[in-house]
Amino acid sequence: MLDFIKTYQTILGAIIAFLGVSWTLYWNAKVSRRLEKFKIEQQRIALLAALRAELAVIQSALGRQWSDFVVSNQETPSDQAHAETKNVMHPRLSMTVFEKNADKIGLLGVSLSADVVIAYSEVTFFEKNAATQSDGKDINNEEAAYSLARAFTAAGKAIERIKESLPKEEQRGLIMYPQPEVNEKDVKSFLECRKDRQGEQGAI
């Protein structure tokens, strides 16, 4: 045995050195992958939390605008023309987090990314409708009301999906923004009642 070692000690030494270097490279690569994976996960969690906070603020603003819209349109106008154009919707909602991190949305996964993009798309569509009203080009508060409801619902869905994707320890610090609830059924019911009320006023 000793003679074998003496005869092949150079080769054995080279093999042991090669195995040592290979193991070191393998371990370093493994640690590097873990660190990279941890870094990406931390970025994903931070992005999720930021998007959820922004969507919660947007949804709260949409709820308040719907509430103001309802109160404003329940008032008795001085004339019928004023009743047709009355609205209190404001077009601009901050989407800074989404706009500055659009290239990172893929970190959320295919399904959740789709829900988030849909939510912001609905909010953008509502903004365009509200801006059109504000400019006085094509005042149609019914269309804007429906788009507001769709944006509110889409934002709510994205918020819930994001919450489910966050680790439990991260969910504890999430801020809830209470707001009036609104969906397309609410809008339809309110607008039908408004039309009936306007019809009654016109008949008097």
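The values are calculated or read from the model by the stated rules, or taken from the named source; none is laboratory data. Quick caveat: nothing in here was measured; it's all calculated off a predicted structure. Note: ideal-geometry Cβ built from the backbone for every residue, glycine included; neighbour counts use all protein chains shown.
Here are some notes:
- When the stretch 70-103 is filtered for residues that are surrounded by 15 or more Cβ atoms within 10 Å (Cβ to Cβ) and modelled with pLDDT of 75 or more, the ones remaining, listed by number, are VAL70, LEU93, MET95, VAL97, PHE98, ASN101.
- Test: residue in the stretch 24-32 that is assigned to a helix (DSSP H, G or I) and at pLDDT 90 or above: no
- Where a residue in the stretch 152-163 is in contact (Cβ under 8 Å) with a residue 12 or more places away in the chain and its partner, wherever it lies, is surrounded by 19 or more Cβ atoms within 10 Å (Cβ to Cβ) and of a type in the set (Lys, Arg), with Cβ under 6 Å and at least six apart: ILE159/ARG52; ILE162/ARG52
- Output for the stretch 150-164, where each listed residue is closer than 14 Å to LYS128 by Cα and surrounded by fewer than 24 Cβ atoms within 10 Å (Cβ to Cβ): ARG150
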